[in-house]
């Protein structure tokens with residue numbers, strides 16, 4: 001009974017530590033961040049942080065995983081919604097742009113994923129596989145929208161789905177990085193519509 005009561009508290013504490021870590025890593029980067037700062041921001045003792053995460057590397061990877069999970073959950077929900085292929089692509093990109101505008105500091109952390117690749121060499125295959133699964137999830141969601149668009153006759157039958165997915169992913173990644181350095185004045189929905197129209201119609205006059 002006692003263990004069942006303690007579990008929600010432990011999970012809440014874990015989430016507080018992850019959120020604090022996201023803020024510290026986003027502001028200072030992996031190398032300059034200190035576990036003491038994470039503990040102070042989370043309102044816990046430094047030793048408590050180490051009870052949950054044995055090293056700064058483990059905390060960084062767990063924080064990145066938590067952010068990507070939340071991000072992908074919302075993007076998948078947008079992609080799986082009702083509507084035409086164009087409407088669903090618009091919803092997916094709108095969700096991405098909205099999240100990017102709302103959580104710019106966390107994008108800074110996600111943009112440090114190249115840092116995580118070097119850290120993954122120090123962790124097990126299970127951890128590496130979990131991180132690779134994020135790419136598979138996001139790619140699969142976009143592929144599903146495009147393939148259903150082809151089947152419905154909305155998109156051309158000879159569409160190279162692999163290349164199209166790469167274009168959508170590239171657009172999202174480029175916007176997220178751009179958002180770190182300049183403000184976007186267009187509403188997310190309008191921006192998403194413009195981007196999708198450009199992707200679907202190309203640049204021919």
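Taking first residues from segment 193-205 that are closer than 13 Å to residue 154 by Cα and assigned by TED's automatic domain parsing to the domain that holds residue 86 and partners that are surrounded by fewer than 16 Cβ atoms within 10 Å (Cβ to Cβ) and modelled with pLDDT of 90 or more, no Cβ contact under 6 Å between residues at least 6 apart in sequence or on separate chains turns up.
Does any residue of segment 16-39 turn out to be free of Cβ contacts under 8 Å to residues at least 60 places away in the same chain, at positive phi and not assigned by TED's automatic domain parsing to the domain that holds residue 137? Within segment 16-39, none of the residues are free of Cβ contacts under 8 Å to residues at least 60 places away in the same chain, at positive phi and not assigned by TED's automatic domain parsing to the domain that holds residue 137. For segment 183-193, state whether one or more residues are modelled with pLDDT under 90, within 21 Å of the chain's Cα centre (by Cα), exposed (fewer than 11 other Cβ atoms within 10 Å of the Cβ) and not in a helix (DSSP H, G or I). Yes, there is a match, as at least one residue in segment 183-193 is modelled with pLDDT under 90, within 21 Å of the chain's Cα centre (by Cα), exposed (fewer than 11 other Cβ atoms within 10 Å of the Cβ) and not in a helix (DSSP H, G or I). Determine if segment 17-27 includes at least one residue that is surrounded by 15 or more Cβ atoms within 10 Å (Cβ to Cβ) and under 30 Å from residue 152 (Cα atoms). No; the residues of segment 17-27 include none that is surrounded by 15 or more Cβ atoms within 10 Å (Cβ to Cβ) and under 30 Å from residue 152 (Cα atoms). Checking 153, 170 one by one, the residue that is exposed (fewer than 14 other Cβ atoms within 10 Å of the Cβ) and assigned to a helix (DSSP H, G or I) is 170 and no other. Where helices (runs of 4 or more DSSP H) fall entirely within segment 1-95, those with at least 1 residues that are modelled with pLDDT under 90 are at 2-32, 56-79.
Yes or no, residue by residue, for (1) in contact (Cβ under 8 Å) with a residue 12 or more places away in the chain; (2) assigned by TED's automatic domain parsing to the domain that holds residue 12; (3) within 22 Å of residue 129 (Cβ to Cβ):
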site	(1), (2), (3)
48	yes, yes, no
60	yes, no, yes
64	yes, no, yes
68	yes, no, yes
72	yes, no, yes
80	yes, no, no
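Taking the stated definitions as given, is residue 143 over 23 Å from the mean Cα position of the chain (by Cα) and without any contact (Cβ under 8 Å) to a residue 24 or more places away in the chain? In short, no. Within segment 156-165, the residues that satisfy the criterion of being farther than 18 Å from residue 193 by Cα and part of a helix (DSSP H, G or I) are 161, 162, 163.
The values are calculated or read from the model by the stated rules, or taken from the named source; none is laboratory data. Treat the numbers as computed from the prediction; the structure is a model and nothing was measured. Because the Cβ atoms are built from the backbone with ideal geometry, glycine has one as well, and the counts that use them run over all protein chains shown.
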